[in-house]
């Protein structure tokens with residue numbers, strides 16, 4: 001089942017309306033797709049177009065019927081006047097989640113990410129990594145059909161990265177579809193089923209790791225393929 005279908009002829013900004021061009025892909029239930037590309041390639045524009053945050057979009061984005069999504073941004077966003085626990089309570093109310101199991105799951109995730117002692121503190125006093133953990137916890141609590149994850153590993157310590165990967169894999173096994181943009185290519189290669197390689201606003205390669213190797217004429221790692229494909233691509 002498709003949880004996301006993207007058909008964008010072009011999208012961009014007032015001074016560059018075709019920052020991305022001919023972006024077509026879908027994500028299936030239980031699929032994990034890596035969105036890979038250098039800085040300025042168009043990854044953020046693609047994500048913003050999916051989220052409905054771009055004004056100039058020629059195309060359409062369709063989420064599966066009844067699909068609820070969670071977005072984990074590169075830069076954590078939070079309410080200065082709410083504590084960590086109040087953010088968790090707010091997410092429950094906004095998403096109309098019933099039952100006490102939600103709070104039990106929240107306590108479990110706070111323990112995993114070592115934030116139990118900070119549950120009644122304000123995120124503004126947290127490190128970037130702690131703020132990112134809050135974004136991850138809220139996304140996991142929502143239990144969406146689709147995760148849109150933008151550079152999730154920045155600021156996280158190695159244990160938190162490992163825990164997050166394991167939890168994301170659990171969600172994938174439960175049928176969630178995941179779109180993950182990241183620069184951490186060795187981790188992406190191990191995690192993702194399929195890849196979209198973006199450069200100069202275009203998809204320059206797509207598919208499984210084997211298919212990416214075939215398109216790059218390289219038998220190496222995702223990093224090797226990424227280098228081969230982008231160094232010879234001039235838009």
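The values are calculated or read from the model by the stated rules, or taken from the named source; none is laboratory data. Keep in mind it's a predicted model, so treat the numbers as computed, not measured. Because the Cβ atoms are built from the backbone with ideal geometry, glycine has one as well, and the counts that use them run over all protein chains shown.
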Residue count, the stretch 140-162 (criterion: farther than 15 Å from residue 190 by Cβ, in contact with a helix residue (DSSP H, G or I) (Cβ under 8 Å, 6 or more places away or on another chain) and part of a helix (DSSP H, G or I)): 4
Members of the stretch 38-58 found to be crowded, with 16+ Cβ neighbours inside 10 Å and on the phi > 0 side of the Ramachandran plot, listed by number: 42
Qualifying positions in the stretch 16-27 - surrounded by fewer than 17 Cβ atoms within 10 Å (Cβ to Cβ) and under 26 Å from residue 67 (Cα atoms): 22, 24, 26
The stretch 119-139, residues that are outside any loop (DSSP other than H, G, I, E, B) and without any contact (Cβ under 8 Å) to a residue 40 or more places away in the chain: 125, 129, 130, 133
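Please find, among 139, 188, 205, 160, the residue that is crowded, with 18+ Cβ neighbours inside 10 Å, touching a strand residue (DSSP E or B) at 6+ places or on another chain (Cβ under 9 Å) and closer than 27 Å to residue 103 by Cα.
From the options 139, 188, 205, 160, the qualifying one is 139.
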Criterion violated by residue 111 - all others in (1) more than 20 Å from the chain's Cα centre (by Cα); (2) surrounded by 14 or more Cβ atoms within 10 Å (Cβ to Cβ); (3) closer than 20 Å to residue 171 by Cβ satisfied: (2)
Test: residue 129 is outside the structural domain of residue 48 (by TED's automatic domain parsing) and closer than 23 Å to residue 185 by Cβ: yes
Single residue of 44, 67 found to be at pLDDT below 95, out of contact with any helix residue (DSSP H, G or I) (no Cβ under 9 Å at 6 or more places or on another chain) and assigned to a loop (DSSP other than H, G, I, E, B): 67
Residue 34 being touching a helix residue (DSSP H, G or I) at 6+ places or on another chain (Cβ under 9 Å), assigned by TED's automatic domain parsing to the domain that holds residue 190, part of a strand (DSSP E or B) and under 25 Å from residue 224 (Cα atoms): yes
Among the candidates 173, 206, residue that is closer than 29 Å to residue 17 by Cβ and either touching a helix residue (DSSP H, G or I) at 6+ places or on another chain (Cβ under 6 Å) or outside the structural domain of residue 86 (by TED's automatic domain parsing) (or both): 206
Top-ranked residue in the stretch 168-192 [being over 23 Å from residue 225 (Cβ atoms) and assigned to a loop (DSSP other than H, G, I, E, B); ranked as nearest to the chain's Cα centre (by Cα)]: 176
Enumeration of residues in the stretch 169-183 that are buried (at least 20 other Cβ atoms within 10 Å of the Cβ) and in contact (Cβ under 8 Å) with a residue 60 or more places away in the chain: 176, 177, 178, 179, 180, 181, 182
